[in-house]
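First the structure, in the form of structure tokens, and then the observations on it.
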Amino acid sequence: MHADLLFAGGPVLTPDGRTATAVAVVGERIAAVGREEVLELVGPGTEVVELGGRLLMAGFQDAHVHPVPAGLEMTQCDLTGAKTAAESVAAVRAYAEAHPEREWITGGGWSMEAFEGGTPTKELLDAVVPDRPVYLPNRDHHGAWVNSRALELSGVTRDTPDPADGRIERDSSGEPSGTLQEGAMQLVGRLTPPATKDDRLAALLHAQRHLHSLGITAWQDALVGDFLGMDDPAEAYVAAARDGSLTARVVGALWWDRGRGAEQISELVARRRELECGRFRAGTVKLMLDGVAENGTAALLEPYLDGCGCATANRGTSFVDPGQLPKYVTELDALGFQCHFHALGDRAVRDALDAIEAARAANGPSDTRPHLAHLQVVHPGDVPRFARLGATANIQPLWAAHEPQMDELTIPFLGPERAGWQYPFGALLRSGARLAAGSDWPVSSPDPLEGVHVAVNRVAPGSAGPVFLPGERIGLAEALTAYTAGSAYVNRLDDTGVVRPGALADLVVLDRDPFAAPPEEIAAARVALTFVGGERVYAAQVV
């Protein structure tokens, strides 16, 4: 037997550490892992990749990401690089001037911390785009910035009531100020021109190229369905899977319509069957239980504080009735669905765990692998329940650092005790919980090495500190495991996520060995090569 592909000159990260220095691949699977003896598999047709001291490891997997919206935003009015209100407005002006043919100005990615109170005004947009409607979701897609023309076309006025699942921000006179939160986004978003079938496919392939360049070989798309005007990516995935252009392995999380109940479950069963195609399948249901802390919609056990530190009447929003949630999850679990929860506040986390516990009690042990994403505020009493219930903690590590959105829009409104319960990666790991990891891109960067950097350091890349809750730091090997084997587990890709004989050759070569450098330098590492099933899907210009 000769290898089709062979890596030599290690180190190789395996479940046993970094003692191996060579890996042989035959077809789409790893045939051998070891040292000099593996070199005997080199034949006349073997492609040999000399590692030269660079680290070979399993490909990264993103357990919570939105590639199609991200790809669309990258080709529209992209505000992800703007750090101030002035930069954001200038970017909108430049895009509008460059695209006079666009009926609507759409895109998004603005940062809440760039604007006072996290709520930009319509007047800022009116000054640069007075004659066309503008609709720009923020980077977490829980709020949208609109101009006066968009409000006029949508019929939103001072007399328009807030929807049950959202809020229209208003000025001191009661007029809509230009920011729409949560469900209120759809008051304008429903009018924006939908992306075409070709647009969505192009966005998927554009995003896939970017993710492969970051070493990502598989992911879970956290929203397959119709939500607040976002484009359903399902058709694009099936088209790419059929024609072979989908080179990644993808799990789709089918959207749970939070305005409906158990009657939609039969539709989810049918859609799971219809969408299975090649490297794409949709055996997960996404239940969005709450919002985000920055706009006061994350569901909390105790009230938010106001600017003076006093308790308010607001405990956030539960988008799915907590009284019905155990029933829904129990039925989904019995049908073999994995449940993927958006659970950001401590009340949402508890509601999700209670629902999983009810399903376990009714159905007995199962291999449905439920996971809870985001986990910004977790009550300490709920931390041990993850391991006990077999619920995976799906972390977005980049958010666990001091930044303006954290320091100005979150900590003051949580108070010191709850602020100390944020993103408890270390506590979860010590309790025996399994960690998976993702980015929530386009909410934040999809680069796994940046996420690993924050998980290990609890400091944003490029920042000198201070460290955010240092007791919640985890080790480099543990962080990399969350992005590989942990995410592979929730993606039900059990023959990926590790470097071992028999596993699929979904592999990444970094440009260095991050274990050989200080933790402060983790984010400086780059991906040199990415392989899926032994096929090269990305190569840096200098490899």
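Worth a mention:
- Residue within region 211-228 that is more than 30 Å from MET406 (Cβ to Cβ) and either in the same structural domain as GLN405 (by TED's automatic domain parsing) or in a helix (DSSP H, G or I) (or both) present: yes
- Top-ranked residue of region 229-288 - restricted to ones that are in contact with a His (Cβ under 8 Å, 6 or more places away or on another chain) and in a strand (DSSP E or B), ranked as farthest from THR368 (Cα to Cα): MET230
- Selection count where residues are over 19 Å from ALA488 (Cβ atoms) and touching a Gly at 6+ places or on another chain (Cβ under 6 Å), scope region 23-57: 3
- Tally, over region 364-388, of residues that are touching a helix residue (DSSP H, G or I) at 6+ places or on another chain (Cβ under 8 Å) and not in a strand (DSSP E or B): 13
- Verdict on GLY426 being in a loop (DSSP other than H, G, I, E, B), over 17 Å from the mean Cα position of the chain (by Cα) and under 30 Å from ALA361 (Cα atoms): no
- When LEU300, LEU332 are checked against the criterion of being aliphatic (A, V, I, L, M), assigned by TED's automatic domain parsing to the domain that holds GLU408 and in a helix (DSSP H, G or I), a single residue qualifies: LEU332.
- Of all residues in region 387-404, those satisfying the criterion of being surrounded by fewer than 21 Cβ atoms within 10 Å (Cβ to Cβ) and under 18 Å from PRO466 (Cβ atoms) are HIS402, GLU403, PRO404.
- Number of positions in region 429-443 that are within 18 Å of GLU472 (Cβ to Cβ) and either in a helix (DSSP H, G or I) or at pLDDT below 95 (or both): 2
- In this entry, ALA400 is excluded by the filter for residues that are farther than 28 Å from GLY117 by Cβ and either touching a residue at least 12 places away in the same chain (Cβ under 8 Å) or in contact with a Cys (Cβ under 7 Å, 6 or more places away or on another chain) (or both).
- Residues of region 48-80 that are among the polar types (S, T, N, Q) and in contact (Cβ under 8 Å) with a residue 40 or more places away in the chain: GLN61, THR75, THR80.
- If you check GLU73, GLU101 for being of a type in the set (D, E, K, R) and not in a helix (DSSP H, G or I), only one passes: GLU101.
- Residue in region 350-360 that is touching a strand residue (DSSP E or B) at 6+ places or on another chain (Cβ under 6 Å), touching a residue at least 12 places away in the same chain (Cβ under 8 Å) and under 15 Å from LEU435 (Cβ atoms) present: no
- Residue selection: ARG18 satisfies the criterion of being assigned by TED's automatic domain parsing to the domain that holds ILE522, among the charged types (D, E, K, R), buried (at least 17 other Cβ atoms within 10 Å of the Cβ) and assigned to a strand (DSSP E or B).
- Taking the criterion of being within 13 Å of GLU73 (Cα to Cα) and either among the hydroxyl-bearing types (Ser, Thr, Tyr) or assigned to a loop (DSSP other than H, G, I, E, B) (or both), the residues of region 104-138 that qualify are THR106, GLY109, TYR135.
- Among the candidates THR530, THR496, THR481, residue that is of a type outside the set (A, V, I, L, M, F, W, C), surrounded by 21 or more Cβ atoms within 10 Å (Cβ to Cβ) and in a loop (DSSP other than H, G, I, E, B): THR496
This table checks each residue for (1) surrounded by 15 or more Cβ atoms within 10 Å (Cβ to Cβ); (2) touching a Ser or Thr at 6+ places or on another chain (Cβ under 7 Å); (3) modelled with pLDDT of 95 or more; (4) not in a loop (DSSP other than H, G, I, E, B).
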{"site": "ASP140", "(1), (2), (3), (4)": "yes, no, no, no"}
{"site": "ALA150", "(1), (2), (3), (4)": "yes, no, yes, yes"}
{"site": "THR179", "(1), (2), (3), (4)": "yes, yes, yes, yes"}
{"site": "ALA184", "(1), (2), (3), (4)": "yes, no, no, yes"}
{"site": "LEU191", "(1), (2), (3), (4)": "yes, yes, no, no"}
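- Test for GLU472: is it of a type in the set (Asp, Glu), farther than 21 Å from GLN61 by Cβ and either over 17 Å from the mean Cα position of the chain (by Cα) or not assigned by TED's automatic domain parsing to the domain that holds ARG512 (or both): yes
- Among the candidates ALA352, ALA358, residue that is touching a helix residue (DSSP H, G or I) at 6+ places or on another chain (Cβ under 6 Å) and assigned to a helix (DSSP H, G or I): ALA358
Here is a yes/no grid of residues against (1) more than 28 Å from VAL188 (Cα to Cα); (2) touching a helix residue (DSSP H, G or I) at 6+ places or on another chain (Cβ under 7 Å); (3) surrounded by fewer than 17 Cβ atoms within 10 Å (Cβ to Cβ):
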site	(1), (2), (3)
LEU223	no, no, no
PHE227	no, no, no
ASP231	no, yes, no
ALA236	no, yes, no
ALA248	yes, yes, no
GLY252	no, yes, no
TRP255	no, no, no
ARG260	no, no, yes
GLU267	no, no, yes
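- SER318 being surrounded by fewer than 19 Cβ atoms within 10 Å (Cβ to Cβ) and of a type in the set (Ser, Thr, Tyr): no
The values are calculated or read from the model by the stated rules, or taken from the named source; none is laboratory data. All figures in this text were calculated on a predicted structure; none of them were measured in a lab. Here Cβ is always computed from backbone atoms with ideal geometry, including for glycine, and neighbour counts include all displayed protein chains.
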